[in-house]
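Encoded as C-alpha cells, the structure appears first; notes follow it.
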Amino acid sequence: MVMVAAAISSFSIPTFRVTETYSPSLITLRPTPSHAPHAAVKLPMLRTVKTLATVSPSPPPPPPPGKTRGIMKPRRVSPEMQALVGLTEVSRTHALKHIWAYIKQNNLQDPENKRVIICDEKLKKVFAGRDQVGMLEIAGLISPHFLK
C-alpha cells in the first residue's frame, strides 16, 4: 500500500513487470527499471474457471406438411355438432373455438360464475341434454360427436 501511495503522490504512472514467486497463488509486481526501486507489492493472482454448459436436446422434427394428426386432424361430426359448428368436418380444436364463440355471442355464461355455461337448445343437443355444463367438461362432452 505504501508503494501505491508513493506512486500516486508523484503523479507518474509507474509500469510494472510481473515476476512469479514461490507461491503459485501470488504474483509479485516490481517496478520497471525506469522508476525508482520500491518494495514489491504482492497481489492475489486471478484464476480462470471453466464452466460447463449443457446442451438441451433438439426438439423433435415437425411432422411432414399435409399430415395432421391427433386433435388437429379434421373428422366428420354428428348432425347435432354440424348444426352448432356449421361444418361437416372439423378438428377438435376448431370445434372448441366455434363452441366458445357461440357461447360468448349468445351470452350463455353464468354471470356470477363464468366457469358455468347455461345451455340453450342447440347446446343441450351437443352436451347430452344437460342444463348447465362446467367449462372443463366441454372437451369430454363433445367427444361422442366426432365420428370415426
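Model label points for LYS104 and THR88, set 7 angstrom from Cα along the Cα-to-Cβ axis, are 2.9 nm apart. Calculated FRET efficiency, ALA139 to ARG69, Cβ-Cβ distance, R0 = 22 Å: about 0.80 to the nearest 0.05. Annotation: extensible slack from ALA128 through LEU96 equals 9.9 nm (criterion: 0.36 nm per residue apart, minus Cα-Cα distance).
Can you give the net charge of the other residues whose Cβ lies under 12 Å from the Cβ of ARG76, counting K and R as +1 and D and E as -1? Here the charged neighbours net out to +2. For the range 41-116, applying the loop criterion from DSSP together with a ceiling of 15 other beta carbons within 10 Å to the trypsin sites (Lys or Arg not before Pro) yields ARG47, LYS50, LYS67, ARG69, LYS114, ARG115. Within the shell of other residues whose beta carbon sits under 9 angstrom from the beta carbon of MET135, the net charge comes to +1, with Lys and Arg scored +1 and Asp and Glu -1. Between THR54 and LEU147, the modelled label-to-label distance comes to 5.0 nm, taking each label 7 Å out from Cα in the direction of the beta carbon.
Read-outs: derived from the displayed coordinates by stated rules, not from any lab. Please read all numbers here as calculations on a predicted model, not as lab measurements. Every residue, glycine as well, gets a Cβ built from its backbone with ideal geometry; the counts of neighbours run over all protein chains shown.
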